[in-house]
Amino acid sequence: MNRKYLLIFHALLLGILIVFGTRSGWSEQSFAATKKKKGQSVQELVIADKGKTSAVIVVADNAGLNELLAAEDLVKYIGMMSGATPAIANTPETIAAALQGKHPVLLIGQEALKADKSLAAALQKPVTVQGLLRSDAIVLRRKDNRLYLAGSNDLSHYYAVIELLRRWGCRWYLPTEFGECIPKKPRLTIGELNYTYAPPFEIRSYWISWLGDRTGMEDFQRHNFMTLGKGDFPPTGHALGKYVRDLNKDIFRIPLTAPETAEHIVKQVEEKYAAGESFSLSMEDGVYESTYPGDKKLMKLQWDKYYLRWSMTDPFLELYNNVADTLQKKYPDSPAKIGFLAYTNMTIPPVQEMKAEKSLFCELAPIDIDPIHGMDSLQSPPRQEYKDFVYTWAEVMDGRLAIYDYDQGMLVWRDLPNPSHQAFVQDVQHYRKAGILGIHTESRNAIATTFLNLYLRGQLMWNPDVDIQAELAAFYPKFYGPAAEPMREYWEAIFQTWEQTIVTEHEYFLAPTIYTSGLLKTMKARMKEAETLLEPLRKKKSLSRNEQLYLDRIAFTRMSCDITTLYLAMVKAAASDIDYKKAVQLGEKALVIREKLTAMNGTFTTYKGMKVENKGYAWWPGEVRQYRELEQWVNGDKGKLVLKLPLEWAFRRDPKNIGVKKNFATEPVDLTFWQANRGTYTLDLLKDYPATEWEMLRTDLYMQAQGVRNPDRQSYTGYAWYRIEVDIPAEQVDKKLHLRFPGLFNECWLYVNGEEVAHREQNPLWWNNDYRFEWDVDLTGKIKQGKNILALRLNSRHHFAGMFRRPFIYAAR
């Protein structure tokens with residue numbers, strides 16, 4: 001039924017209710033009850049009872065899109081909960097009739113504000129935002145037989161209705177009907193109610209990147225108090241290149257502070273600015289450098305350790321101020337806004353004491369800063385540094401700052417759960433305290449990865465003081481029904497592991513640090529318990545809507561569990577066991593399940609829309625392809641396995657770069673201190689392990705994940721050494737022996753029996769390499785029969801360091 005006929009139907013139904021309601025045995029008097037509260041009688045307004053209702057929902061005939069949708073959805077969800085369908089009054093005649101009766105009347109939006117003039121003033125009281133973009137507030141007030149539901153704008157009218165529905169137990173945890181939890185409540189009532197609220201952020205939104213499935217996105221945002229986009233915040237998409245291309249063919253090498261650069265840009269944008277049209281001057285998606293003297297002077301004010309080059313913030317902000325100042329003076333009455341990103345090597349705030357011009361709006365995008373921990377976590381110095389960035393940028397921008405957030409924050413990941421609420425619950429407090437405009441999240445709607453992240457972000461952006469543990473406690477029974485308890489234990493085990501991890505890196509290399517054998521064992525056990533508890537439902541001939549959803553959700557979780565288990569088994573087979581044939585089989589099996597998961601609901605994964613997944617080694621199919629190619633070096637096709645090198649090697653930190661001079665390549669490895677004290681160094685305390693002593697390190701997991709950090713918990717950077725002795729049989733010495741490192745970060749040097757035999761260069765920003773991270777060294781003529789000392793020296797200039805797949809020696813064909 002389309003909207004036009006739906007409204008006609010409700011108008012006719014309303015007339016029937018008004019004329020015949022008292023004859024049907026469910027008059028307005030029958031929908032009032034007395035409830036005792038603190039010794040006083042409180043008249044309870046009954047909206048629906050035993051499948052019947054005389055309630056009328058009043059909405060203006062000229063209602064806005066969201067206001068009208070609020071009325072329609074209120075009817076829909078009351079019907080789903082109680083089995084009774086209220087009428088809608090949306091014409092002058094039906095509205096007047098509804099207001100004259102004593103039936104329960106729910107007035108929405110404009111009609112509520114019109115009927116009770118005091119609501120407008122009530123909506124102003126809780127507002128704390130600047131109102132540069134929007135101001136959202138809601139009021140819910142019950143008076144006699146009337147319930148007023150209104151907001152400060154069209155979308156806020158919808159929020160007011162959602163607040164009521166949430167009080168009745170409705171939740172929308174995930175996009176689409178799959179995540180919709182609507183309880184069965186034959187009796188719906190309203191007691192005393194006088195509630196006003198306004199959120200502290202003007203932007204509370206997300207968008208779907210990487211061509212992810214957008215199904216249900218707008219409804220999900222409305223249901224969770226989110227804004228539909230950034231509103232009047234100016235665009236911040238990458239845009240500067242088109243304005244400076246004439247200055248230099250390389251748009252990442254332009255003289256930012258040169259007066260002619262600002263003049264050149266002004267000429268191209270002033271028509272827009274004069275017309276009041278907002279636009280972006282954001283940097284392009286890359287790393288900037290400059291040889292212009294004015295830029296170099298400002299760049300050398302600070303080194304950007306995240307991008308391993310001089311910071312471009314001060315020269316960029318000077319450029320933006322020059323452009324904005326010129327335009328503001330020429331067109332002082334223009335309301336236009338100029339947006340820009342604080343991104344890549346412009347993420348760190350400026351060193352100079354400066355204020356951004358009033359037409360400038362900034363979106364801070366911390367793409368390479370620990371996405372796992374919150375700003376107050378002692379485990380994450382990078383996140384603590386980011387906290388300082390936020391407060392400083394907020395001051396520079398006088399609050400005209402939004403956060404371009406990332407969820408999932410692992411960026412290049414697999415379809416494994418990646419919760420983020422443990423970080424966001426801390427961060428949102430600082431965002432509010434800093435007085436920023438809000439948060440705009442880049443998501444992918446990959447629910448198998450993000451799961452509850454967007455829901456919990458929505459609640460926290462609306463109210464930073466929401467009790468997340470209470471939200472989670474309510475979630476499990478609503479979402480999983482009879483399987484709530486084992487599913488609570490399942491997810492809490494995952495959440496706790498992410499919260500307690502010491503790692504601060506991002507991307508799929510860290511998966512084994514989270515999804516350990518212990519966690520996977522817990523997940524599989526709880527999964528089996530949950531399925532057992534739902535077995536009676538599978539045997540029922542007829543299922544209710546919620547019962548069917550319980551089964552669908554446990555099927556989703558089963559596939560997620562299997563994908564996670566198989567992926568980690570694949571990684572173990574390849575990285576730990578050098579069994580590439582098995583790794584390929586496990587990976588392919590997991591990808592088949594991923595196909596089934598995607599077929600179940602397109603929002604569960606992202607890869608269908610991605611055009612690059614099968615084109616590079618960074619993506620899951622590419623990782624499987626890499627293992628298939630590695631198999632050729634051990635099965636005789638291109639080479640034959642001679643020796644799997646030990647899983648554990650001796651390891652030595654070399655922060656002062658003395659290893660070459662002190663001959664770490666051949667000196668005796670003394671593990672006395674390690675053997676005597678290993679038990680006292682927990683994973684967290686290994687940051688304090690003395691650099692003067694050797695220790696043991698696995699070769700199937702990168703260094704930092706094994707506790708190799710600086711004493712202040714910063715990621716270890718600098719030189720380090722791996723050492724091992726290998727025994728080469730006589731029959732192998734004359735073969736074309738090669739040493740292959742199938743997973744190795746950083747610039748490296750290989751020593752055989754004290755002699756440097758190979759040097760591998762790498763881009764110090766690890767993501768700028770080919771994502772195979774392999775190194776093959778020809779050992780022909782460099783190795784001898786019997787004992788040989790292999791030493792690997794590396795220089796880590798960024799996070800992620802060392803080996804993460806076990807190396808092997810093979811004979812080339």
Inspect segment 311-328 for any residue being in contact with a strand residue (DSSP E or B) (Cβ under 7 Å, 6 or more places away or on another chain), open to solvent by less than 30 Å² (accessible area, probe 1.4 Å) and at pLDDT below 95 and give the result as yes or no. no
If I filter segment 216-242 down to residues being outside any loop (DSSP other than H, G, I, E, B) and not hydrophobic (A, V, I, L, M, F, W, C), which single residue comes out as surrounded by the most Cβ atoms within 10 Å (Cβ to Cβ)? His223
Here is a check on your reading of the model: is Arg652 surrounded by 13 or more Cβ atoms within 10 Å (Cβ to Cβ) and part of a strand (DSSP E or B)? yes
How many of the residues in segment 123-147 are open to solvent by less than 40 Å² (accessible area, probe 1.4 Å) and part of a helix (DSSP H, G or I)? 1
Any residue in segment 561-571 that is in contact (Cβ under 8 Å) with a residue 60 or more places away in the chain and open to solvent by 40 Å² or more (accessible area, probe 1.4 Å)? no
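For (1) hydroxyl-bearing (Ser, Thr, Tyr); (2) surrounded by fewer than 19 Cβ atoms within 10 Å (Cβ to Cβ); (3) assigned to a helix (DSSP H, G or I), each residue gets a yes or a no:
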position	(1), (2), (3)
Ala150	no, no, no
Tyr158	yes, no, yes
Pro175	no, no, no
Lys184	no, yes, no
Trp210	no, yes, no
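Restricting attention to segment 685-700, which residues are open to solvent by less than 30 Å² (accessible area, probe 1.4 Å) and not β-branched (Val, Ile, Thr)? Quick ask: steps written out before the conclusion?
From segment 685-700, those open to solvent by less than 30 Å² (accessible area, probe 1.4 Å) are 686-687, 689, 694-695, 697, 699-700; that's our starting set.
Across segment 685-700, the qualifying residues are Leu686, Lys687, Tyr689, Trp694, Glu695, Leu697, Asp700.
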Scan of segment 404-455 for residues that are closer than 25 Å to His238 by Cα, among the aromatic types (Phe, Trp, Tyr) and either without any contact (Cβ under 8 Å) to a residue 24 or more places away in the chain or open to solvent by less than 10 Å² (accessible area, probe 1.4 Å) (or both), ordered by number: Tyr431
Residue list for segment 86-112, restricted to those being surrounded by fewer than 21 Cβ atoms within 10 Å (Cβ to Cβ) and either closer than 18 Å to Tyr159 by Cα or without any contact (Cβ under 8 Å) to a residue 60 or more places away in the chain (or both): Pro92, Glu93, Ala96, Leu99, Gln100, Gln110
Every residue from segment 656-684 that is open to solvent by 70 Å² or more (accessible area, probe 1.4 Å), part of a helix (DSSP H, G or I) and of a type outside the set (Val, Ile, Thr): Gln675, Ala676, Arg678, Gly679
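Name the residue that is nearest to Gln706 (Cα to Cα), counting only residues in segment 648-673 that are aromatic (Phe, Trp, Tyr) and more than 39 Å from the chain's Cα centre (by Cα). Give the steps one after another, and end with the answer.
Quick first cut of segment 648-673, residues aromatic (Phe, Trp, Tyr) only: 649, 651, 664, 673.
Now drop any that are not more than 39 Å from the chain's Cα centre (by Cα), which leaves 664, 673.
Working: Phe664: 21, Phe673: 18 Å.
So, considering only residues that are aromatic (Phe, Trp, Tyr) and more than 39 Å from the chain's Cα centre (by Cα), the one nearest to Gln706 (Cα to Cα) is Phe673.
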Specify the residue that is modelled with the highest pLDDT; the eligible residues are those in segment 568-610 that are acidic (Asp, Glu) and under 27 Å from the mean Cα position of the chain (by Cα). Glu588
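Right, Ala262: over 25 Å from Arg309 (Cβ atoms) and in contact with a Ser or Thr (Cβ under 9 Å, 6 or more places away or on another chain) or not? Reasoning before the result, please.
On the way: over 25 Å from Arg309 (Cβ atoms): no; in contact with a Ser or Thr (Cβ under 9 Å, 6 or more places away or on another chain): yes.
When the stated conditions are applied, Ala262 does not pass them.
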Restricting segment 59-85 to residues that are aliphatic (A, V, I, L, M) and assigned to a loop (DSSP other than H, G, I, E, B), the residue that is farthest from Tyr159 (Cα to Cα): Ala84
Leading residue by the ranking (farthest from Lys300 (Cα to Cα)) among those in segment 325-369 that are in contact with a Lys or Arg (Cβ under 8 Å, 6 or more places away or on another chain) and assigned to a helix (DSSP H, G or I): Gln328
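On the basis of being surrounded by fewer than 18 Cβ atoms within 10 Å (Cβ to Cβ), farther than 30 Å from Met80 by Cα and of a type outside the set (A, V, I, L, M), does Lys596 make the cut?
Working: surrounded by fewer than 18 Cβ atoms within 10 Å (Cβ to Cβ): yes; farther than 30 Å from Met80 by Cα: no; of a type outside the set (A, V, I, L, M): yes.
It is false that Lys596 is surrounded by fewer than 18 Cβ atoms within 10 Å (Cβ to Cβ), farther than 30 Å from Met80 by Cα and of a type outside the set (A, V, I, L, M).
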Name the pairs: first residue in segment 740-760 and charged (D, E, K, R), second residue in a loop (DSSP other than H, G, I, E, B), Cβ to Cβ under 7 Å, at least 6 apart or on different chains? Arg740/Trp633; Arg740/Glu774; Arg740/Pro807; Glu747/Glu761; Glu747/Gln762
Of the numbered conditions (1) within 30 Å of Lys782 (Cα to Cα); (2) touching a Phe, Trp or Tyr at 6+ places or on another chain (Cβ under 7 Å), Val726 fails exactly one; give the number of that condition. (2)
I need every pair where a residue in segment 724-739 that is over 28 Å from Met696 (Cβ atoms) has its Cβ under 7 Å from the Cβ of a residue that is part of a strand (DSSP E or B), sequence separation at least 6 or different chains. Lys735/Ala811; Lys736/Ala811; Lys736/Ala812
Among (1) free of Cβ contacts under 8 Å to residues at least 40 places away in the same chain; (2) open to solvent by 10 Å² or more (accessible area, probe 1.4 Å); (3) more than 31 Å from the chain's Cα centre (by Cα); (4) under 24 Å from Glu629 (Cβ atoms), which single condition is Val777 missing? (2)
Scan (1) of a type outside the set (Phe, Trp, Tyr); (2) outside any helix (DSSP H, G or I); (3) open to solvent by 10 Å² or more (accessible area, probe 1.4 Å) for the single condition Thr392 breaks and write down its number. (2)
Which pairs do you get when a residue that is in contact (Cβ under 8 Å) with a residue 40 or more places away in the chain, found in segment 225-243, comes within reach of a residue that is part of a loop (DSSP other than H, G, I, E, B) and open to solvent by 40 Å² or more (accessible area, probe 1.4 Å), reach meaning Cβ atoms under 6 angstrom, with the pair 6+ apart or on two chains? Gly231/Arg134; His238/Asp285
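Could you run through segment 336-387 and say how many residues are of a type in the set (D, E, K, R), surrounded by fewer than 22 Cβ atoms within 10 Å (Cβ to Cβ) and in contact with an Asp or Glu (Cβ under 7 Å, 6 or more places away or on another chain)?
From segment 336-387, those of a type in the set (D, E, K, R) are 337, 353, 355, 357-358, 363, 368, 370, 376, 383, 385, 387; that's our starting set.
Cutting the leftovers down to surrounded by fewer than 22 Cβ atoms within 10 Å (Cβ to Cβ) gives us 353, 355, 357-358, 368, 376, 385, 387.
Going one step further and asking which of them are in contact with an Asp or Glu (Cβ under 7 Å, 6 or more places away or on another chain), we end up with 355, 357.
Qualifying residue count, segment 336-387: 2.
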Give me a count of the residues in segment 248-287 that are out of contact with any helix residue (DSSP H, G or I) (no Cβ under 6 Å at 6 or more places or on another chain) and part of a loop (DSSP other than H, G, I, E, B). 12
Pair list, Cβ < 7 Å and 6+ apart or interchain, from segment 244-272 residues that are closer than 14 Å to Leu319 by Cα and modelled with pLDDT under 95 to residues that are open to solvent by 40 Å² or more (accessible area, probe 1.4 Å) and of a type outside the set (A, V, I, L, M, F, W, C): none
From the residues in segment 724-742 that are out of contact with any Asp or Glu (no Cβ under 9 Å at 6 or more places or on another chain) and in a strand (DSSP E or B), which one is surrounded by the fewest Cβ atoms within 10 Å (Cβ to Cβ)? Asp727
Residue ID - surrounded by the most Cβ atoms within 10 Å (Cβ to Cβ), chosen from residues in segment 704-723 that are of a type outside the set (Gly, Ala, Ser) and under 26 Å from Lys787 (Cβ atoms): Tyr722
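The values are calculated or read from the model by the stated rules, or taken from the named source; none is laboratory data. This is a predicted model, so every value here is computed, not measured. Reconstructed Cβ throughout: ideal geometry from the backbone, glycine too, with neighbour counts over all protein chains shown. Just so you know, the surface numbers come from the protein's heavy atoms only, side chains and all, with ligands and any DNA or RNA stripped out. Shrake-Rupley method; radii C 1.70, N 1.55, O 1.52, S 1.80 Å.
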